[in-house]
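**Student:** Just dropping this structure here.
The values are calculated or read from the model by the stated rules, or taken from the named source; none is laboratory data. A quick note: this is a predicted structure, and the numbers were derived from the prediction, not measured. Backbone-built Cβ (ideal geometry, glycine too); neighbour counts: all protein chains shown.
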Amino acid sequence: MQQRVFITAAAAGIGRAIAIAFCDAGARVHICDIDGPALETLAASQPQISYSVTDVGDEAQVEQFFRDGLEQLGGIDVLVNNAGIGGPAGTLETLNSAAWQQTIQLNLNSTFYACKQALPYMKAQGSGSIVNLSSTAGIMGYPLRTPYAAAKWAVTGLTKSLAMECGGDGIRVNAICPGAVSGERMDRVIGNEAAARNLSESQVRESYVSQCSMKTFVDPEDIAAMALFLSSTAGARISGQIISVDGDTHTLA
């Protein structure tokens with residue numbers, strides 16, 4: 001049976017890699033993003049993909065994303081909550097309250113909105129896999145990035161609690177904690193941190209490499225492989241786990 005997969009923020013980066021990995025595995029995939037042209041381009045190259053232009057910080061738009069996807073796919077077997085932003089960089093007392101709220105909204109509340117939509121269908125069929133994207137910042141402290149760390153710690157707690165709630169319904173819930181993932185988003189994060197720390201971007205980039213035992217960035221495809229595994233029959237008894245794919249990050253200081 002073809003898996004029916006919903007993925008948020010999948011027009012680029014990690015989300016795009018996850019969507020392509022599921023397509024390559026034979027799944028039918030419904031994705032969303034705020035970038036309509038990028039969604040259209042990806043869907044044109046992958047006939048198994050349908051899409052909705054969606055701001056996942058708006059609960060009504062998330063509800064529409066699920067209505068669209070259920071009409072396209074007829075059900076849901078897998079939900080990957082990939083949406084999120086890096087948020088502002090700086091000491092806590094200097095942060096803008098609106099930027100704090102936006103970081104919580106897009107990293108945490110969007111996950112709540114999507115899970116709320118998916119769960120009734122998964123419970124009715126007695127099966128499902130939810131994969132949330134947390135971060136190494138969701139299991140460690142992250143100075144100068146407190147809004148992001150707070151949101152990702154919350155995603156970790158949501159994942160653990162939801163796995164306990166839903167295990168009896170045949171639904172497994174896990175979180176992936178990426179480390180420093182190569183791509184445009186990480187480039188923006190490095191630029192913001194360089195400004196906040198009064199360092200060059202190359203110095204900040206090197207600090208990320210030095211914090212990892214394998215001395216390397218992670219590729220989006222590495223995260224996609226884990227999402228695919230957790231949602232496969234090979235991961236059928238894995239739930240409530242917070243799994244790092246990061247080359248062993250040992251500090252974020």
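**Student:** Only one residue in A150, A154, A163, A124 is farther than 27 Å from V29 by Cβ and either modelled with pLDDT of 95 or more or among the hydrophobic types (A, V, I, L, M, F, W, C) (or both). Which one? Break it down into steps so the answer makes sense when it comes.
**Tutor:** Working: A154 fails: farther than 27 Å from V29 by Cβ; A163 fails: farther than 27 Å from V29 by Cβ; A124 fails: farther than 27 Å from V29 by Cβ.
Going through A150, A154, A163, A124 in turn, the sole match is A150.
So that you can scan it fast, the table gives a plain yes or no per residue for (1) modelled with pLDDT of 90 or more; (2) surrounded by 19 or more Cβ atoms within 10 Å (Cβ to Cβ); (3) under 25 Å from I243 (Cβ atoms); (4) over 15 Å from the mean Cα position of the chain (by Cα):
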site	(1), (2), (3), (4)
I171	yes, yes, yes, yes
N174	yes, yes, yes, no
R185	no, no, yes, no
R197	no, no, no, yes
S200	yes, no, no, yes
E206	no, no, no, yes
V209	no, no, yes, yes
S213	yes, no, yes, yes
V218	yes, yes, yes, no
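**Student:** Here is a follow-up. Please determine whether any residue of the range 45-55 is among the polar types (S, T, N, Q), surrounded by 15 or more Cβ atoms within 10 Å (Cβ to Cβ), at pLDDT 95 or above and assigned to a strand (DSSP E or B).
**Tutor:** Within the range 45-55 (the criterion being among the polar types (S, T, N, Q), surrounded by 15 or more Cβ atoms within 10 Å (Cβ to Cβ), at pLDDT 95 or above and assigned to a strand (DSSP E or B)), the answer is yes, since at least one residue qualifies.
**Student:** From the list C23, C32, which residue is part of a strand (DSSP E or B), under 19 Å from the mean Cα position of the chain (by Cα) and over 23 Å from A163 (Cα atoms)?
**Tutor:** C32
**Student:** Continuing with the same structure: Give me a count of the residues in the range 71-92 that are more than 22 Å from G191 (Cβ to Cβ) and surrounded by fewer than 17 Cβ atoms within 10 Å (Cβ to Cβ).
**Tutor:** 4
**Student:** So, in the range 221-231, how many residues would count as being surrounded by fewer than 22 Cβ atoms within 10 Å (Cβ to Cβ), of a type outside the set (D, E, K, R) and touching a residue at least 40 places away in the same chain (Cβ under 8 Å)?
**Tutor:** 2
**Student:** How many of the residues in the range 2-24 are surrounded by fewer than 24 Cβ atoms within 10 Å (Cβ to Cβ) and at positive phi?
**Tutor:** 1
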